[in-house]
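Asks: Structure provided below as structure tokens; questions to follow.
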Amino acid sequence: MNRKKNLGKMSREIQEIRHDLGRLSNDAHGLIAATVNVADGKVTEARERLANALEHGRKSYGRVRDLAVAGTREASEAVHRHPYQALGVGLGIAALLGYLIVRRCSSDDD
């Protein structure tokens with residue numbers, strides 16, 4: 001149940017990011033369209049750079065999204081295959097962080 005809840009939350013966050021990137025892309029395309037009749041060399045060059053950046057961003061977003069989803073699935077499967085080892089790793093990391101925090105706080109008091 002918790003796994004489905006986490007996947008749902010991640011899916012909503014991905015949708016929000018996709019929506020924000022979509023708005024940014026639409027605004028950039030609107031800017032490109034609004035300046036299409038401007039013949040100034042600098043404006044033309046800026047439009048081309050913006051169009052290239054949009055295309056590069058779209059490809060990068062797709063790769064990052066695919067990697068994040070694949071990584072999440074792999075981590076979830078690993079935890080489900082080895083729950084006790086995952087619990088041990090989590091406890092070890094928590095103990096280490098606790099030790100470092102206490103050590104730092106005690107050294108700040110000196």
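Asks: If you go through region 57-110 one residue at a time, how many are among the aliphatic types (A, V, I, L, M) and under 18 Å from Arg18 (Cα atoms)?
Replies: Result for region 57-110: 5.
Asks: Regarding Asn52, is this residue in a helix (DSSP H, G or I), of a type outside the set (A, V, I, L, M) and under 22 Å from Arg12 (Cβ atoms)?
Replies: So Asn52 does not fit the description; no.
We did not get these values from a lab; they are worked out from the coordinates using the rules stated. None of these values were measured; they are calculated from a predicted model. Quick reminder, even Gly has a Cβ in these numbers, built from the backbone with ideal geometry, and neighbours come from all protein chains shown.
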